[in-house]
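S.K.: Below is the structure I would like to discuss, written out as structure tokens.
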Amino acid sequence: GCVLVVSVIEQLAQWHNSTVKAAMERLCNYIPGKYQIMRHMFCCIDRKTNADVVCHSLKLCKQDPGQPLCHLYSPPKVSWFSTFFKATDCASFMGFSSVCAFPLLANLCEKIKYVMRNKLPFEDFDGDKFSTFPTLRGYHWRGRDCNDKNTTVYPGRRPDNWDVQSDSNCNGIWGVDPKDGIPYEEKFCKGADSQGVVLFGDSAGAHFHIPPEWMTVTQMSRKSFANLPMAFTNELDWPQFSEITGFLNSTIGGWTDSLYLRLRRRNRCNHRDLQNISQNGMLRFFHFFFKHYYLARNQLLDNPAIVIYATIGNDVCNGNRDTLAHMTTPKAMFSNVLQALRYLDSCLPNGSHVILTGLVDGRFLWDNLHDRYHPLGQLNRDVTYSQLYAFLNCLEVSPCSGWLTPNETLRNLTSERALQLSNVLKEIAGSEKFANFDVFYMDFPLRQTAEEWHKMGGEPWQLIEPVDGFHPSQIAAALGTSIIWQKMLHEWPQVLGKENPFNDQIEAIFKDQGGH
């Protein structure tokens, strides 16, 4: 993190032909008030010294005994510390071992730690796992609550007495038609196969994204950082634009298309019935989540749900140098997934569906990015993705040591293990039966997505997040939705339910009432 920030400051000074102090002030003026923590660093930055040297001098980066010296840029020819380190000037920064150590951010960090630990909304006054607040695991992640003071009112439940008096399931349909005395919920939604969509996923499912304009100085302005508070309190995830649960128009490039939006168009009664229970870096997530109560579904009171399991890489991805030894084995995969499915069978309403998604073939990443310049390297053409991957691997914080490496043998072995684990999921879908849901399997549609994007005139690298060089981009998410939907429509129509013939009438009434 330090290397990224210092790189941006030094490049701002270069681009605007200014001092480092002026560049720091410029960056601080771009950033919303309470996030201006970097003023403490400007005294330690020198335009003649690269970011690696600065961050080691600040002791935010270190070299452990017997370990290699990790650096993003080529090391300077002179000794780092004898020529640069100013103990007095930098001492004021030494006490801050992390971003969360800054007093202005300490309270916010505690909130973020809470939601990362619990996967539940921070602001949820009635405890029904739904919120009226967007971030901190609020309605960007789960359907928006319409009464946060009543635990029996939340998205996805079956209507209470056909919602004659109030909207108990938050789909906006309630009251009685004065023409015939029939409740609107009964008239429009009875027998309509209403169902929600739930995603259990990793950082790809949460839709991890760091805006490239945050570190591309030629494009940087105050507007570039307007979304920083929202991004920070969403853990740098953008589930509101994601492939499965997205519902807002994308502001990060591309466009939004999601399984939820398509289910909602198919049946307007499904409005707000979504849950994105994903987490960055959650290894063996299926084994983890079943022990906890992150899922908000009452087997007796709620509608069925389509549950997507999509940890597309975390069972083979880790930052360890002996990465193969830390990958999930087929035997462990079978046991963990089966155990989790049994848990789901105890809490999902009857008539639900579970779709297991295979792992991705991550060789696509190195093949299409390794010799391209990273956003940090575009100004001076000095940082490629292969350099970034090497830096992260050295620090043992790589999102995937097995795929983000020049070692072709290791990349192939990682893909081989991913295929083995996908076959385990396929075997479970074909052989295991459960009382309350059926199980399906589908491959992760990377190949079809790349083919479709090529037909549209796009390049493969545009399907990958530019800053981290690892996650699917907004374009990939939107195209993937279309491919998934077509597969479900043609091969598993029973999963989608029938189309609601009253959709137009519902929308007309909805608009007449001013959108409420």
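The values are calculated or read from the model by the stated rules, or taken from the named source; none is laboratory data. Fair warning: this is a prediction, and the values are worked out from it, not measured in the lab. Note that we place each Cβ from the backbone using ideal geometry, even for glycine, and neighbour counts take in every protein chain shown. Note: accessible area is taken over every heavy atom of the protein model, side chains too, but ligands, DNA and RNA are not part of it. Shrake-Rupley method; radii C 1.70, N 1.55, O 1.52, S 1.80 Å.
S.K.: Can you give me the number of residues within the range 453-484 that are exposed (fewer than 13 other Cβ atoms within 10 Å of the Cβ) and of a type in the set (A, V, I, L, M)?
M.R.: Quick first cut of the range 453-484, residues exposed (fewer than 13 other Cβ atoms within 10 Å of the Cβ) only: 454-457, 459.
Within this subset, residues satisfying the condition of being of a type in the set (A, V, I, L, M) are 456.
Total satisfying the criteria: 1.
Conditions tested, residue by residue: (1) at pLDDT 95 or above; (2) open to solvent by 10 Å² or more (accessible area, probe 1.4 Å); (3) within 24 Å of L199 (Cβ to Cβ); (4) not hydrophobic (A, V, I, L, M, F, W, C).
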residue	(1), (2), (3), (4)
F130	yes, no, yes, no
G138	yes, no, yes, yes
W141	yes, no, yes, no
Y154	yes, yes, yes, yes
D160	yes, yes, no, yes
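S.K.: Could you count how many residues in the range 415-428 are open to solvent by 30 Å² or more (accessible area, probe 1.4 Å) and under 27 Å from Q195 (Cβ atoms)? Break it down into steps so the answer makes sense when it comes.
M.R.: Here is the first cut: in the range 415-428, the ones open to solvent by 30 Å² or more (accessible area, probe 1.4 Å) are 416-417, 419-420, 423, 426-427.
Subsequent filtering for residues that are under 27 Å from Q195 (Cβ atoms) retains 426-427.
The number of residues fulfilling the criteria is 2.
S.K.: A follow-up question, please. Name the helices (runs of 4 or more DSSP H) wholly inside the range 256-375 in which the number of residues that are at negative phi, basic (K, R) and at pLDDT 95 or above is 1 or more. Full working, then the answer.
M.R.: Numbers: elements: 259-266, 285-289, 330-345, 363-369.
Counting at least 1 such residues, we get 259-266, 330-345, 363-369.
S.K.: Next question. Which pairs turn up if I take residues in the range 321-339 that are of a type in the set (G, A, S) and look for partners that are open to solvent by 10 Å² or more (accessible area, probe 1.4 Å) with beta carbon separation below 9 Å, at least 6 apart in sequence or on another chain?
M.R.: A332/R284; A332/H287; S335/H287
S.K.: In the range 226-237, which residues are farther than 11 Å from I112 by Cβ and open to solvent by 10 Å² or more (accessible area, probe 1.4 Å)?
M.R.: Listed by number, the residues that qualify are A226, N227, L228, P229, M230.
S.K.: On the basis of being of a type in the set (F, W, Y), open to solvent by 40 Å² or more (accessible area, probe 1.4 Å) and more than 29 Å from the chain's Cα centre (by Cα), does W255 make the cut? Let's see the steps before the verdict.
M.R.: Working: of a type in the set (F, W, Y): yes; open to solvent by 40 Å² or more (accessible area, probe 1.4 Å): yes; more than 29 Å from the chain's Cα centre (by Cα): no.
Considered against the rule, which asks whether it is of a type in the set (F, W, Y), open to solvent by 40 Å² or more (accessible area, probe 1.4 Å) and more than 29 Å from the chain's Cα centre (by Cα), W255 comes out as no.
S.K.: Right, here's the next one. Any residue that is part of a helix (DSSP H, G or I) and crowded, with 21+ Cβ neighbours inside 10 Å - is there at least one of those in the range 170-180?
M.R.: Within the range 170-180, not a single residue is part of a helix (DSSP H, G or I) and crowded, with 21+ Cβ neighbours inside 10 Å.
S.K.: Could you list, in sequence order, the residues of the range 345-396 that are closer than 22 Å to D202 by Cβ, among the aliphatic types (A, V, I, L, M) and open to solvent by 40 Å² or more (accessible area, probe 1.4 Å)?
M.R.: The one that is closer than 22 Å to D202 by Cβ, among the aliphatic types (A, V, I, L, M) and open to solvent by 40 Å² or more (accessible area, probe 1.4 Å): L395.
S.K.: While we're here: Which condition breaks for Q165 when tested against (1) crowded, with 17+ Cβ neighbours inside 10 Å; (2) assigned to a loop (DSSP other than H, G, I, E, B)?
M.R.: Q165 satisfies every listed condition except (1).
S.K.: Show the residue pairs meeting these rules: Cβ distance below 8 Å; 6+ apart or different chains; first residue within the range 55-66 and touching a residue at least 40 places away in the same chain (Cβ under 8 Å); second residue of a type in the set (A, V, I, L, M, F, W, C) and in a loop (DSSP other than H, G, I, E, B).
M.R.: C55/C61; C61/C70
S.K.: Related question: Out of the range 222-247, which residues are in contact with a helix residue (DSSP H, G or I) (Cβ under 7 Å, 6 or more places away or on another chain), modelled with pLDDT of 95 or more and in a loop (DSSP other than H, G, I, E, B)?
M.R.: Hits for the range 222-247 are S242, E243, I244, T245, G246, F247.
Conditions (1) buried (at least 16 other Cβ atoms within 10 Å of the Cβ); (2) at pLDDT below 95; (3) within 25 Å of S242 (Cβ to Cβ), marked per residue:
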position: G402; (1), (2), (3): yes, no, yes
position: T405; (1), (2), (3): yes, no, no
position: G430; (1), (2), (3): no, no, no
position: F440; (1), (2), (3): yes, no, yes
position: T449; (1), (2), (3): yes, no, yes
position: Q486; (1), (2), (3): no, no, yes
position: E491; (1), (2), (3): no, no, yes
position: E507; (1), (2), (3): no, yes, yes
